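So that we are looking at the same thing, I have put the structure below in structure tokens.
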Amino acid sequence: MTISDTTAPVLATKYQQSVADYWNQEKDPVNIRLGEVSGTFHHHYGIGDVDWSVLEGDEATRDERIIKEMHRLEAAQADFLVEQLGALGADDRILDAGSGRGGTSFVANQRFGCQVDGISISEEQVKFANNQAQQRGVADKVAFHFRNMLGNGFPDATFQAIWNNESTMYVDLHELFAEHARVLKPGGRYVTITGCFNDLHGRQPSRAVSQIDAHYICDIHPRSEYFAAMSANNLIPISVVDLTAATIPYWELRAKSSVATGVEDPFLTAYKEGSFHYLMIAADRV
């Protein structure tokens with residue numbers, strides 16, 4: 001579907017409209033070319049050790065090898081997130097908040113066989129992802145909606161699990177977690193993988209983190225705010241994994257690729273100076 005299937009306005013502020021415009025127009029090769037490797041299109045970064053042998057051998061095919069390796073690392077990130085969702089069955093329903101072109105939703109459906117709803121404020125992403133669902137033959141189980149994660153329009157206690165994969169930096173965390181808690185079943189699981197700035201580095205984002213904000217027109221939150229907002233909304237963290245060291249190799253490889261966007265240096269600087277962390281947080285709804 002390409003129009004909102006809820007009566008609530010999807011784009012409530014000028015900022016939300018600007019974010020939607022950005023993603024409606026986005027055709028970045030770092031997302032498209034990587035997705036073309038396997039047909040699964042992600043909108044997040046990668047984790048794991050790099051096979052640096054991709055830099056060796058025939059120069060003519062060097063970039064192709066780098067692209068495949070980057071896609072392997074982003075697929076590993078999606079697999080890691082999905083593993084944190086808990087024990088799910090085919091009768092469960094789960095929500096991908098900020099679903100992009102659908103990559104993690106398809107990974108979750110393939111893993112558990114359950115119904116997946118994805119939501120995005122980008123109509124172009126919703127079109128693309130629903131087309132992917134049709135091509136994969138899973139449109140009866142995986143559906144994408146033009147909706148706002150701060151007011152998703154689903155009934156209370158609809159979902160057994162919800163996740164955000166690198167999308168929380170576009171919204172107020174207290175509003176987001178209140179809405180997630182509303183539609184999560186008691187005992188349901190929430191998972192996020194996100195970049196956050198290190199409170200110990202200062203009260204404001206570092207210069208490198210501010211450059212990342214400017215690149216993606218987002219507002220990266222401090223680490224402490226995630227836990228404060230979860231606690232205020234009946235989401236109790238059960239697992240926190242610092243993935244910073246695990247994602248640095250991805251960025252080092254990406255900087256050597258043809259799909260580098262110029263944001264690689266700020267990411268590497270922020271991670272290595274300690275002003276920025278890449279975290280997985282899993283929490284249960286109580």
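The values are calculated or read from the model by the stated rules, or taken from the named source; none is laboratory data. Owing to the predicted nature of the structure, the values given are computational and were not obtained by experimental measurement. All Cβ positions, glycine included, derive from the backbone under ideal geometry; neighbour counts span all protein chains shown. These accessible areas exclude ligands, DNA and RNA; they are computed on the full protein's heavy atoms, side chains included. Shrake-Rupley method; radii C 1.70, N 1.55, O 1.52, S 1.80 Å.
Give the stretch 141-156 a look and list any residue that's among the charged types (D, E, K, R) and either touching a helix residue (DSSP H, G or I) at 6+ places or on another chain (Cβ under 7 Å) or open to solvent by less than 10 Å² (accessible area, probe 1.4 Å) (or both), or say none.
Within the stretch 141-156, the first condition is being among the charged types (D, E, K, R), and the residues that meet it are 141, 147, 156.
Within the stretch 141-156, K141, D156 meet the criteria.
Something else: Could you please give the count of residues in the stretch 222-236 that are open to solvent by less than 60 Å² (accessible area, probe 1.4 Å) and out of contact with any helix residue (DSSP H, G or I) (no Cβ under 6 Å at 6 or more places or on another chain)?
Counting residues in the stretch 222-236 that are open to solvent by less than 60 Å² (accessible area, probe 1.4 Å) and out of contact with any helix residue (DSSP H, G or I) (no Cβ under 6 Å at 6 or more places or on another chain) gives 2.
Next question, about the same structure. Provide a single number: the residues in the stretch 158-173 that are buried (at least 22 other Cβ atoms within 10 Å of the Cβ) and in a loop (DSSP other than H, G, I, E, B).
Matching residues across the stretch 158-173 total 3.
Can you tell me how many residues in the stretch 189-221 are among the basic types (K, R) and surrounded by fewer than 16 Cβ atoms within 10 Å (Cβ to Cβ)? Lay out the reasoning, then the answer.
Our first condition is that a residue be among the basic types (K, R); within the stretch 189-221, this holds for 189, 203, 207.
From what's left, surrounded by fewer than 16 Cβ atoms within 10 Å (Cβ to Cβ): 203, 207.
Going through the stretch 189-221 one residue at a time, the tally reaches 2.
Tell me yes or no: at least one residue of the stretch 46-66 is in contact with a Ser or Thr (Cβ under 6 Å, 6 or more places away or on another chain) and not in a loop (DSSP other than H, G, I, E, B). Lay out the reasoning, then the answer.
Quick first cut of the stretch 46-66, residues in contact with a Ser or Thr (Cβ under 6 Å, 6 or more places away or on another chain) only: 47, 63, 66.
Checking the rest, the ones that are also not in a loop (DSSP other than H, G, I, E, B) come to 63, 66.
Checked the stretch 46-66: at least one residue is in contact with a Ser or Thr (Cβ under 6 Å, 6 or more places away or on another chain) and not in a loop (DSSP other than H, G, I, E, B).
Output the qualifying pairs, or none if there are none: Cβ atoms under 7 angstrom, residues six or more apart or on different chains, first residue in the stretch 143-155 and within 16 Å of V183 (Cα to Cα), second residue open to solvent by 10 Å² or more (accessible area, probe 1.4 Å) and among the basic types (K, R).
Matching pairs, first to second residue: G153/R147.
Moving on. Being of a type in the set (A, V, I, L, M) and either open to solvent by 10 Å² or more (accessible area, probe 1.4 Å) or part of a helix (DSSP H, G or I) (or both) is the filter here; which residues of the stretch 117-140 pass it?
Across the stretch 117-140, the qualifying residues are I121, V126, A129, A133, V138, A139.
Based on what the data block shows, is E36 among the charged types (D, E, K, R), assigned to a helix (DSSP H, G or I) and under 23 Å from P249 (Cβ atoms)? Let's see the steps before the verdict.
Numbers: among the charged types (D, E, K, R): yes; assigned to a helix (DSSP H, G or I): yes; under 23 Å from P249 (Cβ atoms): yes.
Here the answer is yes, as E36 does meet what is asked.
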